[in-house]
Amino acid sequence: MKKLFAFIGLAGFLFAGDNCAMCHNGGMAKKLDTLTPAQIEAKMKEYKAGKGNPMMVNVAKGLKEADIKRVAKEFGKK
């Protein structure tokens, strides 16, 4: 089952790139504009550390610190 989640996560990352809105504002996951950039950064760091949703863990592992900050600023609550 973990391999399936890893595959789905990788596939999602390849198709969505860093277009988080594809899932998060498309109704498949929590809307990101309800979270502050700091909340998004904290959650992404948890995912990058391997904690939480396996799909998001795989996405976060491919991001650098600067990517996380940029995504949080772009998609977080204004």
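Annotations
- Overall Cα dimensions of the stretch 34-78, principal axis frame, Å, largest first: 28, 19, 13
- Paramagnetic reach from ASN19 (point 7 Å along Cα→Cβ, amide N under 13 Å) across the stretch 26-56: 26
- Using θ = phi - 60° and Karplus 6.51 cos²θ - 1.76 cosθ + 1.60, couplings along the stretch 24-37 (whole Hz; Gly, Pro as x): 6, 10, x, x, 8, 8, 4, 5, 6, 6, 8, 10, 6, x
- Eligible lysines near LYS69 by straight Cα distance, threshold 23 Å, same-chain separation 8 or greater: LYS30, LYS31, LYS43, LYS45, LYS48, LYS51, LYS61, LYS77, LYS78
Only the coordinates and a few stated rules stand behind these numbers; no lab work does. Since the model is a prediction, treat every value here as computed from it, not as a measurement. So basically every Cβ, Gly included, is an ideal-geometry build from the backbone, and we count neighbours across all protein chains shown.
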